[in-house]
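Below is one structure, written out as structure tokens; comments come after it.
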Amino acid sequence: MYEHEREKLINSLRKKNITDKEVLKAMLKVHRHLFVPSAMINHAYDDVPLPIGFDQTISQPYTVAFMTQLLRLKDGCKVLEIGTGSGYQAAILYEMGMKVFSIERNFELFNTTRKLLEALEYRVALKCGDGSIGWSEFAPYDGIIVTAGSPQIPKSLKKQLAENGRLVIPVGDRFTQSLFIVTREKDDFRIEEEPSFRFVPLIGREGWKER
Ligand code: SAM
């Protein structure tokens with residue numbers, strides 16, 4: 001179902017400079033329409049974020065593709081996602097052959113998405129809690145992707161990166177952020193920046209305070 005729409009979306013991502021073949025292949029395979037509320041199904045393959053309830057969103061496909069490409073993953077890498085949301089990003093990483101760990105703070109979303117990922121046989125390790133402090137039990141990670149905007153780069157996430165591992169995180173104020181790409185080089189961290197993104201807030205000990 002929706003094969004033609006998926007192909008159109010992938011072609012539009014190529015035109016927007018998404019070049020990582022593994023990312024494009026995974027996005028062609030994963031059925032985004034299964035991760036959006038039924039009322040939104042006709043917009044599932046538009047390149048836009050969509051509401052998934054609880055004031056949260058499934059990220060725009062371009063943003064998913066761009067952030068995943070920035071992680072520069074190889075088959076079998078261990079990846080931590082902060083902000084499971086709909087489960088779509090986790091499914092993309094799984095489809096790319098990664099060992100995926102994902103944390104969601106909203107209990108209802110966590111529960112709904114856990115059932116969906118299980119039903120679709122995406123084997124992802126899920127946890128309900130504050131992802132701003134990472135998941136130290138399974139660290140270090142080759143990649144950490146944060147899908148909510150943070151006021152700063154959480155120290156705990158930097159600590160949980162493997163050598164040459166990359167953390168991709170939106171950092172800024174509550175309204176607009178830049179994507180920060182943090183690469184661990186032994187005990188040093190190299191930081192690059194890609195401007196102009198917009199995410200829902202990362203709420204937690206090393207993120208924003210809840211209002
Ligand atoms: N990756 C998601 C997807 O594919 O649908 C997009 C998620 S949405 C843009 C961001 C998510 O981060 C929300 O579900 C929100 O509840 C969650 N979130 C915010 N702060 C968090 C935290 N400290 N720990 C874990 N999840 C958090």
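The values are calculated or read from the model by the stated rules, or taken from the named source; none is laboratory data. All figures in this text were calculated on a predicted structure; none of them were measured in a lab. A quick note on method: Cβ atoms are made from the backbone with ideal geometry, for glycine too, and the neighbour counts reach across all protein chains shown.
For first residues located in segment 91-109 and among the aliphatic types (A, V, I, L, M) and near the ligand (Cβ under 8 Å from one of its atoms), partners that are at pLDDT below 95 and not in a strand (DSSP E or B) and lie 6+ apart or on another chain with Cβ distances below 6 Å form the pairs LEU109/PHE54.
Residues being part of a loop (DSSP other than H, G, I, E, B) and touching an Asp or Glu at 6+ places or on another chain (Cβ under 7 Å): count how many of those fall in segment 29-49.
Residues flagged as part of a loop (DSSP other than H, G, I, E, B) and touching an Asp or Glu at 6+ places or on another chain (Cβ under 7 Å) within segment 29-49 amount to 2.
Checking each residue in segment 80-105 for being touching a strand residue (DSSP E or B) at 6+ places or on another chain (Cβ under 7 Å), of a type outside the set (Gly, Ala, Ser) and not in a helix (DSSP H, G or I) picks out LEU80, GLU81, ILE82, THR84, MET98, LYS99, VAL100, PHE101, ILE103, GLU104, ARG105. Just one of the listed residues (ASP46, ASP75, ASP142) is modelled with pLDDT under 95, more than 14 Å from the ligand (Cβ to nearest atom) and out of contact with any helix residue (DSSP H, G or I) (no Cβ under 7 Å at 6 or more places or on another chain), and it is ASP75.
Of all the criteria given as (1) farther than 19 Å from GLU192 by Cβ; (2) crowded, with 22+ Cβ neighbours inside 10 Å; (3) out of contact with any strand residue (DSSP E or B) (no Cβ under 6 Å at 6 or more places or on another chain), the one not satisfied by GLY131 is (3). If you go through segment 178-200 and keep only what is surrounded by 19 or more Cβ atoms within 10 Å (Cβ to Cβ) and modelled with pLDDT of 95 or more, you end up with LEU179, PHE180, VAL182, ARG184.
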